[in-house]
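Undergrad: There's a structure below that I have some questions on.
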Amino acid sequence: MEKESFLKRYGLLIATGLVVGAAAVLLTYFGNPANMGFCIACFLRDIAGALNFQRAGFDAEVGTGIVQYIRPEIIGLVLGSTVIAFLRKEFKPRGGSSPMIRFLVAVVVMIGALVFLGCPLRMVIRIGGGDLNAVVGLVGFVVGILVGILVLKRGFSLRRAYQQSMTEGLILPASMVGLLVLALAAPSFIISSVSGPGSQHAPILLALAVALVVGILAQRSRLCMVGGIRDAVMFQDFRLISAFVAIIVAVLVGNLILGSFNLGFEGQPVAHTDGLWNFLGMALVGWGSVLLGGCPLRQLIMAGEGNTDSAVTVTGYVVGAAVAHNFGLASSATGIGTGPVALAVVVCFVILAVVSVANMQKLEG
């Protein structure tokens, strides 16, 4: 009886985590950048580049930058969530909960992620590959979440959402279909890197198929990197964090099998060794994601369910990626960005503090 109860409580989440970890290793094996089988921040940044919103590392001779590519993984995650939500009658367009605040916080989260070089999902993938810089990022991530939890306990709220039209809820999924059509049928209308991380990718149909499966599982399990730590601290509920651990285990095993496990700080793919900025970048991501109600992966999945607040958040991520690269705030494998990174990070923390304080509701009693 206890075994059945455990399987019912944790089974789907652990299975989802194992699939996500295995998918990350598989996509890396077939061409995605090392330790980046799935990275919501990096892939949204690449899409921003493909649409010419940013041209990091632009080479005039070839006419492209180094992080420009329509990533089918993002498309698959959203559409997988949309399909299963419709099939289970869970597609319910809702929104209107402080959209501009959500947009601004999403920009901050993306800047933090690109200072670190990865979203929470890539952070655990990097840990599974032996990257100790990501462990430093994890400490910052947890600290940021703890700050967010303190804010929640003091009554933080972005207020209620309202039912919206089916058209409103379908705008982001339809946009993803449009991106897929461009990538498959009209590639000349988009920009694809010929060097750098943007030029490294798995075959488009394989990446799309894998992401559709992950999107379906993430929608059913409610997988969230931020929610796992938040729920463990606030409610002693360890269900979501079990998927977090399962991803690391799957990536670790996969890397060991392929001989690509590399324990240490130095020589990690698409990562830098500046501990302070790894810590602070992920602290921004943790705090901001608590305010938003979910990590970047979770926001994509909720947008696929018709949540227009999450769609606004995803839009903020794309704009944040463009801001980070256009102003030299994004890091690279050689270190932090060439722009005013310290000033930008301080401003981002101030923004989160102001948003947190300004949206604390009166607690009864």
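The values are calculated or read from the model by the stated rules, or taken from the named source; none is laboratory data. Because the structure is a prediction, the values reported are computed rather than measured. Cβ atoms come from the backbone with ideal geometry, glycine included; neighbour counts cover every protein chain shown. Just so you know, the surface numbers come from the protein's heavy atoms only, side chains and all, with ligands and any DNA or RNA stripped out. Shrake-Rupley method; radii C 1.70, N 1.55, O 1.52, S 1.80 Å.
Undergrad: Would you say Leu7 is surrounded by fewer than 24 Cβ atoms within 10 Å (Cβ to Cβ) and touching a helix residue (DSSP H, G or I) at 6+ places or on another chain (Cβ under 8 Å)?
TA: Answer is no for this residue.
Undergrad: Suppose we keep only residues that are open to solvent by less than 30 Å² (accessible area, probe 1.4 Å) and of a type outside the set (Gly, Ala, Ser) within the range 103-112. Which one would you say is nearest to Ile336 (Cα to Cα)?
TA: Ile111
So that you can scan it fast, the table gives a plain yes or no per residue for (1) among the hydroxyl-bearing types (Ser, Thr, Tyr); (2) open to solvent by 10 Å² or more (accessible area, probe 1.4 Å); (3) farther than 29 Å from Leu26 by Cβ:
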{"site": "Asp237", "(1), (2), (3)": "no, yes, yes"}
{"site": "Gly281", "(1), (2), (3)": "no, no, no"}
{"site": "Cys295", "(1), (2), (3)": "no, no, no"}
{"site": "Tyr317", "(1), (2), (3)": "yes, no, no"}
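Undergrad: Consider only pairs whose beta carbons are under 8 Å apart and that are at least six residues apart or on different chains; among these, list those whose first residue lies in the range 109-135 and is free of Cβ contacts under 8 Å to residues at least 12 places away in the same chain and closer than 17 Å to Ala246 by Cα and whose second residue is open to solvent by 10 Å² or more (accessible area, probe 1.4 Å) and part of a helix (DSSP H, G or I).
TA: Correct list of pairs: Val135/Ile127.
Undergrad: For Arg298, work out the one condition from (1) farther than 26 Å from Gly275 by Cα; (2) modelled with pLDDT under 95 it doesn't fulfil.
TA: (2)
Undergrad: Taking the range 113-141 as the region of interest, how many residues are open to solvent by 10 Å² or more (accessible area, probe 1.4 Å) and within 16 Å of the chain's Cα centre (by Cα)?
TA: Result for the range 113-141: 2.
Undergrad: For Leu77, indicate whether it is out of contact with any Ser or Thr (no Cβ under 6 Å at 6 or more places or on another chain), open to solvent by 40 Å² or more (accessible area, probe 1.4 Å), at pLDDT 95 or above and within 18 Å of Ala211 (Cα to Cα).
TA: no
Undergrad: Just to verify a result, which residue in the range 234-289, among those that are in a helix (DSSP H, G or I) and hydroxyl-bearing (Ser, Thr, Tyr), is modelled with the lowest pLDDT?
TA: Among them, the one singled out is Ser242.
Undergrad: Let me ask something else about it. Is it the case that Gly228 is out of contact with any Gly (no Cβ under 9 Å at 6 or more places or on another chain) and assigned to a loop (DSSP other than H, G, I, E, B)?
TA: No.
Every residue, every condition in (1) more than 20 Å from the chain's Cα centre (by Cα); (2) assigned to a helix (DSSP H, G or I), yes or no:
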position	(1), (2)
Ala330	no, no
Gly339	yes, no
Ala342	yes, yes
Val345	no, yes
Val354	yes, yes
